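The values are calculated or read from the model by the stated rules, or taken from the named source; none is laboratory data. Values in this document were obtained by computation on a predicted structure and should not be read as measured data. Cβ atoms come from the backbone with ideal geometry, glycine included; neighbour counts cover every protein chain shown.
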Amino acid sequence: MLKELLLEISASEYISKTLLAAKLGRPEGLIEDGLAQLVRLGYLAEGSGSSSCAVKCGKCPYASLCGQDPIRTLTITTAGQKYIDRH
Amino acid sequence: MSKIIALVGNPNCGKTTLFNALTGANHHVGNWPGVTVERKEGQFRHGNEVLTIVDLPGIYSLGAFSEDEMVARDFILSGEPDVVINVVDATNIERNLYLTTQLLEMGAKVVVALNMVDEANSRKISLNTGALSRRLGVPVVPTVASKRKGLEELAEAAVSLMGLAPKRSRYHLSYGESIDAKVAELEKVVHVEGLVYPPRWVAVKLLEGDEHVLRMVEGSLSSQELENFRRVYEEVAAHSSDLPLEIVDGRYRFVHAVTSSAVRRPSEGVLTLTDRLDRVLTHRYWGLPLFALIMFAVFQLTFALGQDLLGGLVAGGVEFVGEALDGLLLRVSAPDWLRSYAAEGLIGGVGVVLEFIPLIVILYMLMGLLEDSGYMARAAYVMDNTMRAVGLQGKTFIPLIVGFGCNVPGVMAARTLENKKDRMIAILINPFMSCGAKIPIYLAFIAAFFPEQGALVMFSLYVLGILVALLMGKVLSSTLFKGDVSHFLLELPPYRTPTLRNVLRNMWDNVSGFLARAGTVIFVVVSLLWVLSALPAGVEPYGPESILGRIGSLIAPIFAPAGFGNWQAAVGLFSGIAAKEAVVATLGMVYAGVEEGIELVSALQGAFTPLTALSFLVMTLLYTPCVATLATIRKETGSAKWAVFSAFYSFAIGWVGAVLVFQVGRILGLG
């Protein structure tokens with residue numbers, strides 16, 4: 001499944017777990033797990049479009065608004081790209 | 001000695017509910033030795049037997065990636081538990097069975113508690129427990145721990161399994177011919193007396209690159225065994241960088257084979273509403289215009305509700321407080337300077353900023369609706385496409401979206417970009433976004449000059465900020481920060497129905513932040529400027545001879561080509577470097593000081609024309625960021641040079657933009 005998932009991602013324009021689940025005929029929970037495995041194995045790199053919670057916002061009155069709903073991004077790493085090229 | 005049952009499962013599978021249901025109050029909590037992971041242990045009676053049950057941490061896998069995984073793995077491998085009850089969430093069975101395969105590979109005696117079957121039924125997920133049990137080769141017992149259903153049967157299955165020899169099961173999962181051969185090779189060299197763990201499991205873990213198991217193996221072998229092991233290990237692992245992926249995939253294949261005949265889901269392969277909506281909202285050609293249309297509708301509604309329905313609400317309150325405060329100061333015979341400070345500084349300055357709260361409330365409620373629905377990720381996606389189309393790294397748009405709230409976290413969000421080139425561009429173009437602090441300036445000038453076209457003006461300013469950011473991004477990426485564009489994918493979460501609680505919380509966080517700024521930064525800036533407007537002693541307050549007036553007059557000629565070369569506007573822009581909201585507060589104060597009781601809107605109408613108001617708005621959108629943003633730029637780039645660069649280059653761009661608007665407008669006869 002990881003191979004198919006990685007190949008599907010490389011052909012996608014964005015990550016939609018529901019769409020990937022429908023395309024691969026697997027439940028969404030499994031797709032989520034597969035993405036986590038690909039990140040753990042170093043084929044995908046995860047990013048988050050938000051200042052991290054580790055940032056000290058001090059007494060900024062807007063601090064509670066930061067990092068509430070981060071936009072998640074995934075990048076295919078060099079290892080991931082090599083794997084895709086081989087398959 | 002009582003028999004021991006280990007309870008293991010994924011997070012949120014109902015494992016703790018099952019533990020509590022079995023043990024009742026008869027349990028205690030401690031820590032696993034040497035780690036901070038909680039150990040819960042309890043007893044329960046089944047027939048005549050008292051059984052000890054150990055609740056292991058919730059985990060997805062049995063690798064060595066966390067303390068939780070290590071604790072669970074070591075406990076099961078220790079041979080201490082007589083049986084492992086693997087709690088599996090019936091609604092998410094495919095994901096949960098990944099852990100089950102690893103338990104089976106470890107040789108544990110497993111009973112599967114197929115939990116939450118009631119919820120699976122309500123979701124129309126059909127489960128064939130007999131088929132599952134046959135394919136897995138272990139007992140599978142349906143349970144509903146929260147309703148104490150299936151507990152007796154589960155305990156019975158566990159006890160029955162305890163009596164069966166051997167203690168470890170002999171389960172073999174095939175990873176395909178090539179990997180199986182490698183496993184067999186390794187199995188031979190780790191099958192030694194000093195190593196108590198199942199050799200096949202050890203071999204698979206070694207091929208997965210498990211450093212912890214490798215150290216354990218190396219520490220358990222004699223020098224000759226170690227030499228033999230290293231030779232074989234190097235041989236089988238050579239040229240196989242994808243082995244860990246192939247092994248994980250082997251487990252997924254097994255799970256798929258198990259569930260394909262035993263689990264039926266109603267919606268497999270069916271496109272969801274989210275996917276159907278995304279086909280329209282993220283469309284290559286329609287996505288961007290739809291985003292623009294949605295934002296325009298947000299601004300239109302903001303003005304319709306905030307201005308037409310609620311407008312004047314806070315203004316009336318501020319006026320009332322002003323009069324009451326003045327009356328009080330009169331009654332206590334307060335000195336004139338204090339009455340002036342209260343009327344022009346506090347009410348004219350800080351109070352005027354508060355008058356825009358109704359509009360801000362509505363704007364952030366509508367933005368909260370969009371955010372909570374999951375649409376903002378789509379907005380990032382369509383902008384990403386646009387940025388790629390002009391040869392820019394689309395990922396830089398994510399910090400820009402954060403910058404719509406406040407440029408400080410927007411600049412900080414750039415740290416999530418991998419390469420320095422992208423980070424620098426994202427940082428340097430972030431201040432062109434219409435942050436929340438610029439909104440009161442827009443609202444004040446819209447109220448004075450464009451009350452009928454408020455949404456259009458506001459929308460145009462947002463769009464102009466994005467266009468300038470794109471243009472400058474392009475310039476920076478072709479000059480100072482050249483490099484390749486890297487490919488990335490945005491995750492689009494499913495759409496949700498926004499909840500009132502989230503929308504109100506988002507609105508309140510913004511409004512309370514705005515109020516806190518009014519009571520702190522803006523208050524301090526206005527107070528300081530009020531002092532400067534009254535000094536030196538003897539000059540006419542708020543006159544050109546005051547220190548404030550002289551500073552303003554010194555700067556004002558710079559803005560003459562943009563059409564607003566008066567000292568009040570110059571001082572307003574100058575104060576905006578401390579905090580953007582201070583622009584409106586300062587204008588409110590200086591105009592209230594010149595003509596007592598005059599409203600800011602009327603004062604602006606007297607000092608600006610619609611064309612100069614537009615050029616002033618363009619200036620405030622693009623010019624020097626506030627000090628907090630500049631300080632963050634310095635911190636994030638690690639150099640004061642880039643903060644100074646940002647201050648001056650954005651001022652220059654703001655000035656050029658404002659001059660262009662005014663001069664072109666004048667040529668077109670709009671002045």
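Remark: B:Leu245 falls outside the filter, which requires a residue to be part of a helix (DSSP H, G or I), free of Cβ contacts under 8 Å to residues at least 40 places away in the same chain, of a type outside the set (Phe, Trp, Tyr) and more than 14 Å from chain A (Cβ to nearest Cβ). Given the condition at pLDDT 85 or above, farther than 22 Å from B:Arg388 by Cα and charged (D, E, K, R), answer yes or no: does some residue in region B:483-499 qualify? No: zero hits.
Residues in region A:1-22 that are at pLDDT 85 or above and at the interface with chain B (Cβ under 7 Å from one of its Cβ atoms): 4 in all. Of the listed requirements (1) more than 23 Å from B:Leu467 (Cα to Cα); (2) surrounded by 15 or more Cβ atoms within 10 Å (Cβ to Cβ); (3) within 14 Å of chain A (Cβ to nearest Cβ), B:Thr629 misses just one: (1). Take the conditions surrounded by 21 or more Cβ atoms within 10 Å (Cβ to Cβ) and of a type in the set (S, T, N, Q) and apply them to B:Asn419. Does it pass? Judged against the criteria, B:Asn419 is not a match.
When the criteria are applied in full, B:Met424 meets the requirement of being under 23 Å from B:Val644 (Cα atoms) and assigned to a helix (DSSP H, G or I).
Taken over region A:1-35, the criterion of being assigned to a loop (DSSP other than H, G, I, E, B) and buried (at least 18 other Cβ atoms within 10 Å of the Cβ) is satisfied by A:Met1, A:Tyr14, A:Ser16, A:Arg26, A:Pro27.
Matching residues to (1) under 23 Å from B:Asn430 (Cα atoms); (2) over 41 Å from the mean Cα position of the chain (by Cα); (3) not assigned by TED's automatic domain parsing to the domain that holds B:Val618:
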| site | (1), (2), (3) |
| --- | --- |
| B:Leu470 | yes, no, no |
| B:Leu490 | yes, no, yes |
| B:Asn506 | yes, no, no |
| B:Ser512 | no, no, no |
| B:Ala516 | no, no, no |
| B:Gly543 | no, yes, no |
| B:Ala556 | no, yes, no |
| B:Gly563 | no, yes, no |
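In summary, helices (runs of 4 or more DSSP H) completely within region B:486-594 and bearing 1 or more residues that are without any contact (Cβ under 8 Å) to a residue 24 or more places away in the chain and among the charged types (D, E, K, R) occur at B:500-517, B:547-559. Taking the listed residues B:Thr637, B:Thr612, B:Thr629, the one that is out of contact with any Leu (no Cβ under 8 Å at 6 or more places or on another chain), of a type in the set (Ser, Thr, Tyr), more than 20 Å from B:Lys438 (Cα to Cα) and in contact (Cβ under 8 Å) with a residue 40 or more places away in the chain is B:Thr637, with no other qualifying.
Regarding B:Leu621, is this residue touching a residue at least 40 places away in the same chain (Cβ under 8 Å) and in a loop (DSSP other than H, G, I, E, B)? No.
A Cβ distance below 6 Å, combined with a sequence gap of six or more or placement on separate chains, defines the contacts here; from region B:271-284, residues that are within 10 Å of chain A (Cβ to nearest Cβ) reach residues that are in a helix (DSSP H, G or I) in the pairs B:Leu271/A:Ala22; B:Thr272/A:Thr18; B:Thr274/A:Thr18; B:Asp275/A:Thr18; B:Asp275/A:Leu19; B:Thr282/B:Arg378; B:Thr282/B:Tyr381. Taken over region B:314-342, residues that are surrounded by 14 or more Cβ atoms within 10 Å (Cβ to Cβ) and either of a type outside the set (Ser, Thr, Tyr) or at pLDDT 80 or above (or both) amount to 13. Among the residues of region A:25-37, those that are in contact with a helix residue (DSSP H, G or I) (Cβ under 6 Å, 6 or more places away or on another chain) and among the aliphatic types (A, V, I, L, M) comprise A:Leu30, A:Ile31. Of the listed requirements (1) within 14 Å of another protein chain (Cβ to nearest Cβ); (2) without any contact (Cβ under 8 Å) to a residue 40 or more places away in the chain; (3) part of a loop (DSSP other than H, G, I, E, B), B:Glu452 misses just one: (1).
Annotation for region A:50-68: at least one member residue is assigned to a helix (DSSP H, G or I), more than 21 Å from B:Asn92 (Cβ to Cβ), at pLDDT below 80 and at the interface with chain B (Cβ under 7 Å from one of its Cβ atoms). Summed over region B:221-243, the residues that are crowded, with 17+ Cβ neighbours inside 10 Å, of a type outside the set (A, V, I, L, M, F, W, C) and more than 46 Å from the chain's Cα centre (by Cα) give a count of 1.
Report yes if B:Phe523 is assigned by TED's automatic domain parsing to the domain that holds B:Val361 and farther than 24 Å from B:Asp336 by Cβ, otherwise no. For B:Phe523, the condition - assigned by TED's automatic domain parsing to the domain that holds B:Val361 and farther than 24 Å from B:Asp336 by Cβ - is not met. Selection over region B:658-671 of residues that are surrounded by fewer than 21 Cβ atoms within 10 Å (Cβ to Cβ) and within 42 Å of the chain's Cα centre (by Cα) gives a count of 4. For region B:68-88, does any single residue satisfy the condition of being within 14 Å of chain A (Cβ to nearest Cβ) and buried (at least 24 other Cβ atoms within 10 Å of the Cβ)? Yes.
Could you tell me whether region B:211-224 includes any residue that is touching a residue at least 60 places away in the same chain (Cβ under 8 Å), farther than 24 Å from B:Gly79 by Cβ and of a type outside the set (Gly, Ala, Ser)? No, region B:211-224 has no match at all.
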